[in-house]
Amino acid sequence: MQRILTVIGDPNQINTWSNTPYFFLKASQKVGFLDTGLSLKPEKLKTQRLIWNFLQWVQSREKGGFQYTPTFLKQLFYQVQLSTDNIEFISHFPLLPPRPWNNNWKVNYYIDATSKQVFEDYGLATRVGSKIREAAIKQEQENYLQAQRIFCMSRWAAKSVVEDYQISPSKVYVIPGGANLDEKALQATENTPNIILPLNPLRLGFIGKDWQRKGLPYLLQVAEVLDNRGIAVEVIVIGPASQGLPQHHLLKPVGFIDKSKDIQKFTKIVRSFHFGSLFSSAEAFGISNLECLRLGVPVIASHVGGIPDTVPKGLGFLFAPDSPPKIVADVLEGFVNNPSSYYKLRQEIVSRAKEFTWQQTIANFIQVWHGSKEFLYAASK
């Protein structure tokens, strides 16, 4: 039986869906867990999307959501020729494979959020018509009912599968993803001493292009509190171009770094952070937290969505979404005043860095295929 990964896009390409399918696929292939990933090309359906959006607007004064329609899903999925042999799918998208499923197919899902969560928490409901949303959620529920297993990257997503979609907890699992970093390329940097710079200035790191949703303005407020207390601080930003960021005297943008081509630059800058940060208003998971932890850097983040499952207890700090910046600044000031406690924290994270790899994630998946119940959602609550 072939085991195949599918997503809207091509998991063989690193830039598909924030790199996650690519790293999941490559780590799985290395140990023989996945055989291949379907090379789907949604860009080939651009004309159909435009026509569909136009007709949708004419007929209902609504537009958006083509990717949730059976028309799109079937045209996308059948771009590839599938074997007639038995196939076991792991799908990152809850509406793939499209219905009807062949009798020789087994389907599993690995999601970071349900469609209901995406519509509500990410505000996508304003861009997708109500009928399309309702039909997508109904089909998603049917797919989950018929699936072998539903794997979620966080308890937040698993809770939605069980409670919003009425799926039995007996087939819902929680297995967080890994850091989207090439482990082979990292080997060249692992022997580099993890130099802990003095906490002066305190370097607060931020990774992500969607800087408003991911909380950069809030992080700057935290930095301002520290600055006003006389604590030297810098906010280092990886991802967005500097011209698109707010002007701020504490902000130090470094721009986009292609991790597939310049892993040494990326790891050097991230390891220079004293803390990685992710104060998102909405976040299904939070891969940047895992990248920081994989590289030995503690994390400060908001207790939102799936973020808690990216910050194991004792390796970082989670704050309520409505926490005043002063609360976060107080924690950071405590480390500035007691550097030895910070160095101890950092060494603990370095000693556990391999826990945050895709290799570890795949090992957990394999345990489930061997009958383990350890990762069931019911056991994680």
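Check Val7, Val31 and return the single one that is in contact with a strand residue (DSSP E or B) (Cβ under 9 Å, 6 or more places away or on another chain) and under 28 Å from Ala179 (Cα atoms).
Exactly one of Val7, Val31 is in contact with a strand residue (DSSP E or B) (Cβ under 9 Å, 6 or more places away or on another chain) and under 28 Å from Ala179 (Cα atoms), namely Val7.
List every residue pair whose Cβ atoms lie under 6 Å apart, where the two residues are 6 or more positions apart in sequence or sit on different chains, the first residue falls within segment 151-177 and is closer than 8 Å to Gly306 by Cβ, and the second residue, located anywhere, is at pLDDT below 95.
Arg155/Ser380
Residues of segment 216-234 being closer than 19 Å to Ser280 by Cβ and over 22 Å from the mean Cα position of the chain (by Cα), which ones? Reasoning before the result, please.
Within segment 216-234, the first condition is being closer than 19 Å to Ser280 by Cβ, and the residues that meet it are 216-223.
The answer is Leu220, Gln221, Val222, Ala223.
Filter the strands (runs of 3 or more DSSP E) completely within segment 181-268 down to those with at least 2 residues that are touching a Phe, Trp or Tyr at 6+ places or on another chain (Cβ under 7 Å) and under 23 Å from Pro321 (Cα atoms).
Once the strands (runs of 3 or more DSSP E) in segment 181-268 are filtered for at least 2 residues that are touching a Phe, Trp or Tyr at 6+ places or on another chain (Cβ under 7 Å) and under 23 Å from Pro321 (Cα atoms), what remains is 202-207, 233-238.
Restricting the search to segment 148-176, which residues are surrounded by fewer than 19 Cβ atoms within 10 Å (Cβ to Cβ) and under 29 Å from Thr71 (Cβ atoms)?
Within segment 148-176, Gln148, Asp164, Gln166 meet the criteria.
Output the residue which, of all residues in segment 38-69 that are assigned to a helix (DSSP H, G or I) and touching a residue at least 60 places away in the same chain (Cβ under 8 Å), is nearest to the chain's Cα centre (by Cα).
Of everything passing the filter in segment 38-69, Tyr68 is nearest to the chain's Cα centre (by Cα).
Would you confirm whether or not segment 363-381 contains a residue that is under 25 Å from Gln29 (Cβ atoms), among the hydroxyl-bearing types (Ser, Thr, Tyr) and in contact (Cβ under 8 Å) with a residue 40 or more places away in the chain?
Among the residues of segment 363-381, not one is under 25 Å from Gln29 (Cβ atoms), among the hydroxyl-bearing types (Ser, Thr, Tyr) and in contact (Cβ under 8 Å) with a residue 40 or more places away in the chain, which makes the answer no.
Of the conditions (1) within 19 Å of the chain's Cα centre (by Cα); (2) farther than 30 Å from Gly230 by Cβ, Val368 clears all except one; give me its number.
With respect to (1) within 19 Å of the chain's Cα centre (by Cα); (2) farther than 30 Å from Gly230 by Cβ, Val368 is out only on (1).
Would you be able to tell me the number of residues in segment 263-306 that are among the hydroxyl-bearing types (Ser, Thr, Tyr) and over 17 Å from Leu219 (Cβ atoms)?
1
Quick one: count up the residues across segment 247-264 that are at pLDDT below 95 and among the basic types (Lys, Arg).
Count: 2.
Taking the criterion of being among the hydroxyl-bearing types (Ser, Thr, Tyr), surrounded by fewer than 18 Cβ atoms within 10 Å (Cβ to Cβ) and touching a Phe, Trp or Tyr at 6+ places or on another chain (Cβ under 8 Å), would at least one residue in segment 315-336 satisfy it? Steps first, please.
The first filter runs over segment 315-336 and keeps only residues among the hydroxyl-bearing types (Ser, Thr, Tyr), leaving 323.
Applying the additional criterion that residues be surrounded by fewer than 18 Cβ atoms within 10 Å (Cβ to Cβ) yields 323.
Now restrict to residues that are touching a Phe, Trp or Tyr at 6+ places or on another chain (Cβ under 8 Å): none.
Checking segment 315-336: not a single residue is among the hydroxyl-bearing types (Ser, Thr, Tyr), surrounded by fewer than 18 Cβ atoms within 10 Å (Cβ to Cβ) and touching a Phe, Trp or Tyr at 6+ places or on another chain (Cβ under 8 Å).
The values are calculated or read from the model by the stated rules, or taken from the named source; none is laboratory data. Bear in mind the structure is a predicted one, so any value in this text is a computation, not a measurement. We place every Cβ from the backbone using ideal geometry, glycine too, and count neighbours over all the protein chains shown.
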